[in-house]
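Undergrad: Just passing along the structure, written as structure tokens.
The values are calculated or read from the model by the stated rules, or taken from the named source; none is laboratory data. No experiment lies behind these values; they were computed from the predicted model shown. Remember, those area values only see protein heavy atoms, side chains included, never the ligands or the DNA or RNA. Shrake-Rupley method; radii C 1.70, N 1.55, O 1.52, S 1.80 Å.
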Amino acid sequence: MQEPATQICAVHQELIASVAASRQNDTLSEATTALIEQYHNDGWVKLAHVLNTWLNGAEPDLALLDEEDQEIIRGIEHATRHPEWLDSLPEKAREEAAQGIAQLIFAATWGDHSALDVLSNMREAAQDAGVEQSAAHAFVAIVEGERDAKSIEHQYSKADPLLVHLVIERLKILESE
């Protein structure tokens with residue numbers, strides 16, 4: 001069976017870990033109940049319903065769920081069988097993101113208008129949210145030619161330094177091919 005979507009599972013890692021632990025122990029913890037309730041309150045009503053029925057013995061009805069919710073269920077199933085997978089999840093997610101971003105930056109440096117639009121939209125979204133010196137700002141700087149990770153780390157304090165380093169590393173590989 002293929003691993004579930006890393007990026008989605010990394011975002012929902014706390015829920016996945018909690019529900020997987022409850023399934024492994026055959027006991028529903030207060031923390032798991034609270035997390036599911038929080039998801040319900042945040043608008044994840046169908047997912048919360050499926051999780052509650054699943055933890056009460058029914059098989060999860062994936063037909064009720066959208067693609068992201070289905071990946072969360074797959075993540076829980078995978079984490080139940082392979083709990084060690086959760087430990088590597090943030091690193092895998094960062095590496096996958098770095099590869100995708102490096103490819104996007106590479107395309108943008110070669111004048112791909114859609115890649116430029118995506119990066120510009122990312123930066124605008126960060127600005128609209130009131131976030132300056134973000135990773136999106138750093139990625140635009142990389143498109144514009146900045147390749148020194150330390151300089152970017154200093155200039156864009158809200159960017160994840162490890163992600164920036166990985167993006168630059170992957171970009172250098174793409175540029176050398």
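Undergrad: Taking a cut-off of 24 Å between Cα atoms, list the lysines near Lys150, but don't count ones fewer than 8 places away on the same chain.
TA: The qualifying lysines are Lys92, Lys158, Lys172.
Undergrad: Could you order Val167, Val143 so the one with the most accessible surface comes first? Probe is 1.4 Å.
TA: Details: Val167 0, Val143 35 Å².
Ranked from most to least accessible, the order is Val143, Val167.
Undergrad: Further question on the same structure: Report in % the part of the accessible area of the stretch 14-172 that belongs to carbon and sulfur, leaving out ligands and nucleic acids; probe 1.4 Å.
TA: 50
Undergrad: Below 8 Å, C-alpha to C-alpha, sequence gap of six or more: please give me the relative contact order for the stretch 1-69 in percent.
TA: Numbers: 34 pairs, mean separation 14.8, N = 69.
Across the stretch 1-69, relative contact order equals 21 percent.
Undergrad: Which whole-number percent gives the relative contact order of the chain, counting Cα pairs below 8 Å spaced six or more residues apart?
TA: 21
Undergrad: Another question, if that's okay. Sorting Ser134, Ser29 by accessible area (1.4 Å probe), largest first, what list results?
TA: Descending order: Ser29, Ser134.
Undergrad: Accessible area per residue for the chain in Å², computed with a 1.4 Å probe and the full protein assembly in place, what is it?
TA: Values: 9980 Å² over 177 residues.
Roughly 56 Å² per residue, with all protein chains present.
Undergrad: On to the next question. Would you work out the Kirkwood radius for the stretch 90-175? I mean one over the mean of 1/r across all pairs of different Cα atoms, in Å. Let's see the in-between values first.
TA: On the way: mean 1/r = 0.0793 Å⁻¹.
This gives a value of 12.6 Å.
Undergrad: Per the Kirkwood definition applied to all pairs of different Cα atoms, how many angstroms is the hydrodynamic radius of the stretch 57-137?
TA: 15.7
Undergrad: Rounded to two decimals, what is Rg over Rh for the stretch 1-45 when you use alpha-carbon atoms and the Kirkwood radius?
TA: Checking Rg against Rh, the ratio lands at 1.01.
Undergrad: Before rounding to the nearest 500, sum -39500 (n - 2.57) across all DSSP H runs of length at least 4 in the chain and divide by the residue total; then give [θ] at 222 nm in deg cm²/dmol.
TA: On the way: 10 runs with 130 residues, N = 177.
Calculated from helices alone, the mean residue ellipticity at 222 nm is -23500 deg cm²/dmol.
Undergrad: Can you pull the Rg over Rh of the chain, Cα-only, Kirkwood?
TA: 1.06
Undergrad: If Asp42, Asp148 are ordered by their accessible area, calculated over protein heavy atoms with a 1.4 Å probe, which sequence runs from highest to lowest? Provide the component values of the computation, followed by the final result.
TA: Working: Asp42 100, Asp148 80 Å².
Sorted descending by solvent-accessible area, the residues read Asp42, Asp148.
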